[in-house]
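A short worksheet on the structure shown next.
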Amino acid sequence: MFLNQFLLLAAALFCIGVYGVLVRKNGILVLMSIEIILNAVNINLVAFGSLTDDVAGEVFALFTIAVAAAEVGIGLAIVLLMYRNRRSIDFSEADLLKG
Amino acid sequence: MDTLDTNNWLPTLLVFAPLAGALLMALVPEKEEETHKALALLTSLVTFGLAVFLFIDFDYDQSGALQYLVDTDWIEVIGAGYTMGIDGMSLPLIGLTVLVMPLVFVYSWDHIPSPGNTKAFMMLMLILETGMIGTFVAQDLILFFVFFEVVLLPMFFMIAVWGGEDRRYASLKFFLYTLFGSALMLLSFLALFFLAKDPATGELLRTFNMPALADSAGEGIVRSTQLVIFGGMFIGFGVKVPIFPFHTWLPDAHTQAPTQGSVILAAVLLKLGTYGFIRIAIPFLPEAAEAWAPVIGAVAVIGIIYGALGCLAQTDMKRLIAFSSIAHMGFVMLGIATLTDFGINAAIYGMVAHGLITGMLFFIAGSVKERYHTLEIKRLGGMLVQAPRLGWILGFVTMASLGLPGLAGFWGEFPAILSAYNPAGAISEELFRGYMVVAAIGTVLAAGYLLWLLQRTAMGEPSAEFADDPNITDVSTFEWVAWTPFLILIVVFGVAPGLIFEVTDPAVVQSLNECLKTTCEVGASVVAGG
Amino acid sequence: MNSLLASMAPLLAEAPTGPPSVTNDANWFLENAWLIPLLPALSFVLILFFGKRMPKKGAEIGIAAVGLAFVLAVITGFAWIDHRDNFEPAGTGGEEALVIGDDGLTSSDSLVLTAEDGGEGEKGGEEEGPVPVAVQSSTQWFQSGGIEFNVGILVDGLAVMMLFVVTLISLLVHVYSTDYVGGDRRYTHFFAFLSLFTASMLFFVLSDNILQMIVGWELVGVCSFVLIGHWWEEKPNSDAALKAFITNRVGDVGLIVGVITLFFAAGGGKTFDTLLINNAIVRGEVGKTALVVAAAALMAAVMSKSGQFILHTWLPDAMAGPTPVSALIHAATMVVAGIYMVARLYPVFYEGMQINGSSINLLATVGAITLVFGGLLAFVQDDIKKVLAYSTISQLGYMAMALGVGAWTAAVFHLFTHAFFKANLFLGSGSVAHSVHSFDMKKDMGGLRKFMPKTYITFIIGSLALAGVFPLAGFWSKDEILVGTGGWNFFGGTGGNGAYTFHLTMGMIGAALTAGYMTRCVYLTFHGEYRGGHAADDGAEAHHGDPHESGPRILVPLYILSGFAILAGLLNMPKGLALWPDSWEERFGHYIEPLGASYFPGISHGTPSYSLAIVSSLIAFAGAGYAFYYYFVKVDRLAKKTGVSLTGMPNGVTTTNPVARVGHKVLVEKYYLDHLYNGVIVAFTKGPLARAAYWVNQNVIDGGVDAVGRASVKSGRFVYDTIDQGVIEGVVNGSGKVSDATGEELRHLNSGKVQNYAAIMFAAAALLAGSFIILLAL
């Protein structure tokens, strides 16, 4: 009944997130975009959970939020270190992995 | 299969002691390099001490049986168990591993390759040790596979970070190539899991337990399927050996790897593949092994000649030694291809001998590089004048490598050639006698390239470029400590080959008997009656 | 192999059956002969670790050890003589001895024989008398795959003889070297390896199984390698060492294949034991094909080790080593290892080559060709050591030929005498070279008899013995070989194992050649005027002054060897000629030849004849005479006339006659064999073949790997392109350059930018999801 709206919202959020991750060069913005992606997933989880009357959806969403918090912590630490080392948080300049 | 499970904490301790050391090192700050060196050495020495206990405690009268067997559930869902055990086949290789590692750490004391970072370097080597010992004690296919793969990563990083100029290419090639082999190997393992049947009841086994699979010996699997499964393992293990034509990662990896990496690679890592053949591929699928034997023999002798020819074309000392590995592993594979207990004994002997000799050669190459800053054979020369002891050690190891009787190399080569006269079962004798002659010719080429190397690097007068170079010093104390055990063992095993043969023999006979029970009866009579 | 079995060995040679005639219960010295190789082996270790700290730099350890080994070898020799004549297997009392007699002979004969204390008064042929019983003591070394590997010693006449020769010459060479290489930069190291060589050679000689033989065989080879390359600073020396080792390695392929074939065909895949294998062959239990293969394969080993044509080329080059080494290793001992192996495994060759009753076989023919071709080459050498080296090749050819025609004792006897006179000649040439600091006869020698009279006399004795002049050692042994060919049919004398007339002829030619080149060598070295010093050229006195006689440490070994060169031949005077007491006849053969033992084929002996001895002597004199006429008369006269010391006639036949010129050129180029080996075979293997293999490796096999890598990257990039064109800016699309083997492309996927990776990931995920949906919809 309501499901479609939730799914459309989640899809839109997801696309915004992906766009941000791929295109933005600012490290903080990339991290924020990742958060948006995760939240898009959370919406889906909760929506399906209430649809099927299964508490597992909510549990998973909570779990994701916890993991996302940890991930943001590490991500910000990386950005911070990057800033210290390079005086810039522009991801397009970071190509140490280049083979 | 007979098993003994007293003291069954020993394999676990042996495997995870190096890992524990690595974890301990993780807690120490990176700057304290001396502490790291000491910790790494200490860990490997503790492991060595455990192995000494193992060697004392091991019941040599029953070296055909799996001893210290530990068998508990691990990942129940997929039927993988935590099964470990040691028998006469794995014992010499464990010994080789625990011996080589402390010596590598001693050598590392004043030979940390650029770009430094002792901590990471030492930790990687300890993780590597865990992987190698684990592979030799694992008695469960999944466990085996995990350890087999654990070895891959540290070596990848050792080459990629501490390697030579072309390290990225070499490390990636090494990684992808072996991973490709492993994938096929894993498929074969899965096929075995799903298809193997209990020989007594005829029911599906659904197990990764290696003794059980060896007992079943391919029972109930259609011959054509057996051939395919064996083919998967052939490629998986063959890449690691490496056998012709899967060998091309080896020269690159060896040439680019830091000295320690080359030594470990040559001394132990290559043996994982051959060990897989004699521990898994042949006992599990004896019928397919017999069908594949002519192919294995062919690639073995091609490897012998081809590796030798490759050596003759080299201008770089390290690359030459790497190619000589291909030739030597050819002898090992020839012994395995005969499927006789004699040949497989020879193969295990060849593995240990090659580990000691080629490991030692890579040490020397590393020291030469450090002194001359080049390994180009043309530019070297007169080492006997400037660093006489180094030159004599090179001469000695060269002699061992070309298979001089009285030194370890001979007992890997000659018995392998001997066993090819009379392969097991219905394998074509004419074909293998042809292989025998070709392999014997390979020994001439071996003498050719090794002595050529010796002449160009050690004999003659030093070239003008290096004549007054103060860098070129004789063997240092750390080098002596690291090398002496190698040199002594090369002589000891050459004079008393029984030290290894008599340990491996019962285990090999046992594992072949498992297979002979079902398919190779003809082979059994040939082996027994000659 | 216990003594009871040994006692059952039949007495008649014709049809030996049963297990080998062998015991493990004999005199202490025979059972413990392993001490003899052990002594020099210990000496090697001691010299290696403590030599430099000793007052004489290690030489004293070597001399003491080898001296002691020599004493032991002599005692062992006497013990063997006693054992040979008086051995009664334990547990067999008088009655059983009688039973043995009943087997083959009249009982009275056998009683007489057992009663006699050996050596004297044996009236009958070699069929009578106690059967030779070898002494074997062995112990298990290790076992693998149900096969036992033993290590042990086998002492019989042949081994005892070799023990004596090796220890004696090694001892003399040790003493000689203290002077000859005195002050050398690697003096200690030299003695260490002399000791190791002696130990390995003795180990080889005593080995009781063929695997142990391989071990000894290779070890002497490596000692030879190290000692030839003793002065490795100069490239020609290390080249010579490499050539020696690699050529021998070629022969070793044959050795390995032969030994393995014997192990399976004759040893039943169970034993390497020499006597068991020999016995199996003698009993006819081994297939013909296997024997032919084994004999032919072992033949390759003999050809390389014992310098037989066409694998002889390393031996002259090996003269790059110090002279004492040449005397010990490349004249007296190591090079006869091949001959020794044939003698030891004689049934293999006797049956495999079908020596009996034929008139041609591979072994005899290779020997015959070697002896003539080697002798010819000796004529064109300027280097005195190379003359001797080719002479050694030629004499080894005699030995191989003798074995090939079935004259076993003659071959072994020639080995014995040759060791003395050839070592004598080599050490003599060393004495000369020590004095003139050169080996070049034409440039730096001539007229040396005035300066070095003592060396001159010993050299003359050695040359006469080599040339086979009555009654020196070489005469007896060479004559015996010619008798053994069985090709002589005039005025009595024939027999042997077949009619090897061709080989007799070659042997005769060889005798003439030997006498000829030795005459030339003596003239160029010792006669005429001294050409060295070059004092006249630069107006100043040469810095070494005139040549001088060598010191006692060089001369005494020469005297001793000269003594043996004169007397050794008397040990085996032929039978049936009424010039000497019967008890002097064939003492050597009696104690050395195991005829009648069940591990030895039933060979027959040729009958000696005066006529053959006289004819062969005349032929040798003719050879010597022609050379004498040319050098001592024609050249000498011209030299006196012109006042210049000459080394040949200015307009000799080789410069005027085109045929002779070509022949001379072929000889100087050593039959172009070195060109074939170095220029063609080695160069091809090291050059095009190795390079081609490596090219295939880099471009085909490795190229294939890289191509797979490239292809995967390319397919990845195709996906990548369809998503975002902009991202692949800067990606080199030079993949058309196929030959680029370094796999450059593998990198391009790794742009290093996290976002690019993320993009690929999303693209792939989207694609997968898309295809999943499409598949579901289908």
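When we screen A:F2, A:F63 for residues that are aromatic (F, W, Y), out of contact with any Gly (no Cβ under 7 Å at 6 or more places or on another chain), more than 16 Å from C:A758 (Cα to Cα) and at pLDDT 90 or above, the only hit is A:F63.
At the interface with another protein chain (Cβ under 8 Å from one of its Cβ atoms), farther than 19 Å from B:D341 by Cα, among the β-branched types (V, I, T) and touching a residue at least 60 places away in the same chain (Cβ under 8 Å) - does that describe any residue in region B:400-419? Within region B:400-419, not a single residue is at the interface with another protein chain (Cβ under 8 Å from one of its Cβ atoms), farther than 19 Å from B:D341 by Cα, among the β-branched types (V, I, T) and touching a residue at least 60 places away in the same chain (Cβ under 8 Å).
Of all positions in region B:85-93, none carries a residue that is β-branched (V, I, T) and farther than 17 Å from B:V52 by Cα. Looking only at residues that are in a loop (DSSP other than H, G, I, E, B) and surrounded by 18 or more Cβ atoms within 10 Å (Cβ to Cβ) in region C:130-153, which one is nearest to the other protein chains (Cβ to nearest Cβ)? Of everything passing the filter in region C:130-153, C:G145 is nearest to the other protein chains (Cβ to nearest Cβ). Taking the listed residues A:G73, A:G49, the one that is surrounded by fewer than 16 Cβ atoms within 10 Å (Cβ to Cβ) and part of a helix (DSSP H, G or I) is A:G73, with no other qualifying.
Any residue in region B:23-40 that is small (G, A, S), in a helix (DSSP H, G or I), more than 21 Å from B:L265 (Cβ to Cβ) and in contact (Cβ under 8 Å) with a residue 60 or more places away in the chain? The answer is yes; a qualifying residue exists.
Looking for something outside the structural domain of C:M518 (by TED's automatic domain parsing), farther than 19 Å from C:T501 by Cα, surrounded by 23 or more Cβ atoms within 10 Å (Cβ to Cβ) and not aromatic (F, W, Y) - is there at least one such residue anywhere in region C:408-416? Quick ask: steps written out before the conclusion?
Narrowing region C:408-416 to residues outside the structural domain of C:M518 (by TED's automatic domain parsing): none.
No: region C:408-416 contains no residue that is outside the structural domain of C:M518 (by TED's automatic domain parsing), farther than 19 Å from C:T501 by Cα, surrounded by 23 or more Cβ atoms within 10 Å (Cβ to Cβ) and not aromatic (F, W, Y).
Conditions (1) surrounded by 21 or more Cβ atoms within 10 Å (Cβ to Cβ); (2) free of Cβ contacts under 8 Å to residues at least 40 places away in the same chain; (3) not assigned by TED's automatic domain parsing to the domain that holds C:G51; (4) not small (G, A, S), marked per residue:
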position	(1), (2), (3), (4)
C:S224	yes, no, yes, no
C:K243	yes, no, yes, yes
C:N248	yes, no, yes, yes
C:T261	yes, yes, yes, yes
C:K270	no, no, yes, yes
C:T289	no, yes, yes, yes
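Could you check, for region C:184-197, whether at least one of its residues is polar (S, T, N, Q) and assigned by TED's automatic domain parsing to the domain that holds C:L163? Taking every residue of region C:184-197 in turn, at least one turns out to be polar (S, T, N, Q) and assigned by TED's automatic domain parsing to the domain that holds C:L163. Taken over region B:147-179, the criterion of being β-branched (V, I, T), over 22 Å from B:G366 (Cα atoms) and either over 19 Å from the mean Cα position of the chain (by Cα) or surrounded by fewer than 20 Cβ atoms within 10 Å (Cβ to Cβ) (or both) is satisfied by B:V150 alone.
Candidates are the residues of region B:180-217 that are charged (D, E, K, R) and touching a residue at least 40 places away in the same chain (Cβ under 8 Å); the one that is surrounded by the fewest Cβ atoms within 10 Å (Cβ to Cβ) is B:R206. Summed over region C:242-265, the residues that are more than 8 Å from chain B (Cβ to nearest Cβ) and either modelled with pLDDT under 85 or more than 10 Å from C:A294 (Cα to Cα) (or both) give a count of 5. Tally up the residues in region C:219-232 that are within 9 Å of chain B (Cβ to nearest Cβ) and touching a Lys or Arg at 6+ places or on another chain (Cβ under 9 Å), please. Number of matching residues: 1. Taking (1) part of a helix (DSSP H, G or I); (2) facing chain C (nearest Cβ under 10 Å) in turn, B:F331 satisfies each apart from (2).
Taking the criterion of being assigned to a helix (DSSP H, G or I) and of a type in the set (S, T, N, Q), the residues of region C:260-287 that qualify are C:T261, C:T274, C:N278, C:N279. How many of the residues in region B:58-93 are free of Cβ contacts under 8 Å to residues at least 60 places away in the same chain and either aliphatic (A, V, I, L, M) or assigned to a strand (DSSP E or B) (or both)? Residues flagged as free of Cβ contacts under 8 Å to residues at least 60 places away in the same chain and either aliphatic (A, V, I, L, M) or assigned to a strand (DSSP E or B) (or both) within region B:58-93 amount to 3. Criterion applied to C:S107, C:S43 was being modelled with pLDDT under 80 and over 18 Å from C:V133 (Cβ atoms), and the one residue passing it is C:S107. When the residues of region B:434-468 are filtered to those that are buried (at least 19 other Cβ atoms within 10 Å of the Cβ) and polar (S, T, N, Q), the one that is farthest from the other protein chains (Cβ to nearest Cβ) is B:T457.
Of all the numbered requirements in (1) of a type outside the set (V, I, T); (2) farther than 26 Å from C:A337 by Cα; (3) buried (at least 24 other Cβ atoms within 10 Å of the Cβ), C:A389 misses one, and that requirement is (2). Annotation: of all residues in region B:369-392 being surrounded by fewer than 23 Cβ atoms within 10 Å (Cβ to Cβ) and among the aliphatic types (A, V, I, L, M), the one that is nearest to the other protein chains (Cβ to nearest Cβ) is B:V385.
Taking the criterion of being within 14 Å of chain C (Cβ to nearest Cβ), of a type in the set (A, V, I, L, M, F, W, C) and in a loop (DSSP other than H, G, I, E, B), the residues of region B:229-249 that qualify are B:I243, B:F244, B:F246. A single entry from B:E514, B:E465, B:E461, B:E521 fulfils the requirement of being of a type in the set (D, E), closer than 30 Å to C:F684 by Cβ and modelled with pLDDT under 85: B:E461.
Okay, residues lined up against (1) in a helix (DSSP H, G or I); (2) modelled with pLDDT of 60 or more; (3) not small (G, A, S):
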site	(1), (2), (3)
C:V682	yes, yes, yes
C:G687	yes, yes, no
C:Q698	yes, yes, yes
C:S715	yes, yes, no
C:D721	yes, no, yes
C:G736	no, no, no
C:G770	yes, yes, no
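The values are calculated or read from the model by the stated rules, or taken from the named source; none is laboratory data. Bear in mind that the values here come from a model prediction, so they are computed numbers and not experimental data. Neighbour counts run over all protein chains shown; Cβ positions are idealised from the backbone, glycine included.
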